[in-house]
1. Considering only residues that are modelled with pLDDT of 95 or more and either under 19 Å from D41 (Cα atoms) or of a type in the set (A, V, I, L, M) (or both), look in segment 11-20 and name the one that is most open to solvent (accessible area, probe 1.4 Å).
2. Residues in segment 149-167 that are within 9 Å of the ligand (Cβ to nearest atom) and either modelled with pLDDT under 95 or outside any helix (DSSP H, G or I) (or both): how many?
3. Show the residue pairs that are 6+ apart or on different chains and have beta-carbon atoms under 8 Å apart, the first residue being within segment 82-108 and of a type in the set (F, W, Y), the second being at pLDDT below 95 and surrounded by fewer than 21 Cβ atoms within 10 Å (Cβ to Cβ).
4. In segment 21-36, what residues are surrounded by 12 or more Cβ atoms within 10 Å (Cβ to Cβ), among the charged types (D, E, K, R) and not in a strand (DSSP E or B)?
5. Residues being in a helix (DSSP H, G or I), closer than 19 Å to G132 by Cβ and open to solvent by less than 10 Å² (accessible area, probe 1.4 Å): count how many of those fall in segment 224-252.
6. Examine segment 132-142 for a residue that is more than 13 Å from the chain's Cα centre (by Cα), in a loop (DSSP other than H, G, I, E, B) and within 16 Å of the ligand (Cβ to nearest atom), and state whether such a residue exists.
7. Filter segment 102-131 down to the residues that are within 16 Å of the ligand (Cβ to nearest atom), part of a loop (DSSP other than H, G, I, E, B) and polar (S, T, N, Q) and list them by number.
8. If you check L2, L42, which single one turns out to be of a type outside the set (K, R), in contact with a Cys (Cβ under 8 Å, 6 or more places away or on another chain) and either touching a residue at least 12 places away in the same chain (Cβ under 8 Å) or farther than 13 Å from G277 by Cβ (or both)?
Amino acid sequence: MLIGGIEAGGTKMVCAVGDESGKVMDRVSFPTRQPEETFRDLIDYFKGRDIQALGVGCFGPLDLNKDSKTYGYITKTPKKGWEYCDVVGMLKNALNVPVGFDTDVNGAVLGEVTWGAAKGAESAIYITVGTGVGVGVYVNGGLLHGLVHPEAGHMLLGRHPEDEYVSCCPYHKNCMEGLASGTAVSGRWGKKGVELADRDEVWELEAFYIGQAIANYVLAYSPQKIILWGGVMHQEKLFDMVRREAKNMLNGYIPHDMILNSMEEYIVPPALGEDPGIMGAIKLGLDALG
Ligand code: ZN
């Protein structure tokens, strides 16, 4: 059985065809332009490929409430031309298959829970620290939605007393994305992360914020596995620093062996490499078959 997946990002659209075992047979990517021409590419790619269902992990914010008139839409995005874009409707009408739909980061956590580092977990989170920060949340065997969907990349954090950077988030002076994203790193230090690899103070401050956010996610979601990735995490030494900071901030309060003694197994990079998003999209498609 063939299932289609789309990892829909603000700069590119990754499309793939896979099967129920997670094997990917084919993939392409298209630059994200205006919706009309972008959807033309997506639909042309899947037409004639005999997919039984399609899953989409999409940049947001999204309407995921199935009772809403705008279910399946991207909602109020600053991305020009994409505001209130009916993603599910356009794909469903053109391809005539069930379409599963969720946020890009919820897709990624689903990929890792199904085939990757969190396989078998009942609860897990996927954190990406790149240009922005996103957090996918899987709780009690399902993706977490609610009033809208979690936006834990904007969790408010306590500022480091010596950090005078203003925040790159237009909404919050002290949120995770505003203080710890790749955009914040280059805004604060005047250079990109890759050019700052040997500056310890850069990564100590990153670990302070990422570790703090993770401590909050542990307290709020109680994940069994934390998958951490994104451009900023390509600084490999940062993993151990983040583990140390998260443990210090929890300060022995969660009396579980994983946190007390096995942080290196608890906070990990994805097992699916750069693929959790597209694999998760395929799983969203499989799940849409019901
Ligand atoms: Zn924010």
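1. Result: K12.
2. Within segment 149-167, the first condition is being within 9 Å of the ligand (Cβ to nearest atom), and the residues that meet it are 151, 153-156, 167.
Next cut, either modelled with pLDDT under 95 or outside any helix (DSSP H, G or I) (or both) only: 151, 155-156, 167.
The number of residues fulfilling the criteria is 4.
3. Close Cβ pairs satisfying both conditions: Y84/K76.
4. R33
5. Going residue by residue through segment 224-252, those that are in a helix (DSSP H, G or I) are 231-234, 238-250.
Checking the rest, the ones that are also closer than 19 Å to G132 by Cβ come to 231-234, 238, 242.
With open to solvent by less than 10 Å² (accessible area, probe 1.4 Å) added as a condition, the list becomes 233, 238, 242.
Final tally of qualifying residues: 3.
6. If we filter segment 132-142 for residues that are more than 13 Å from the chain's Cα centre (by Cα), which is where we start, we get 139-142.
Then keep just the ones that are in a loop (DSSP other than H, G, I, E, B); that gives 140-141.
Now narrow it down to the ones that are within 16 Å of the ligand (Cβ to nearest atom): none.
No, segment 132-142 has no match at all.
7. T131 - this is the single residue of segment 102-131 that is within 16 Å of the ligand (Cβ to nearest atom), part of a loop (DSSP other than H, G, I, E, B) and polar (S, T, N, Q).
8. Numbers: L2 fails: in contact with a Cys (Cβ under 8 Å, 6 or more places away or on another chain).
Sole residue among the options that is of a type outside the set (K, R), in contact with a Cys (Cβ under 8 Å, 6 or more places away or on another chain) and either touching a residue at least 12 places away in the same chain (Cβ under 8 Å) or farther than 13 Å from G277 by Cβ (or both): L42.
The values are calculated or read from the model by the stated rules, or taken from the named source; none is laboratory data. From a predicted model like this one, the values you see are computed outputs, not experimental measurements. Methodologically, a virtual Cβ is constructed for each residue, glycine included, from the backbone with ideal geometry; neighbour enumeration extends over all protein chains shown. In case anyone asks, the SASA skips ligands and DNA or RNA and just uses the protein heavy atoms, side chains included. Shrake-Rupley method; radii C 1.70, N 1.55, O 1.52, S 1.80 Å.
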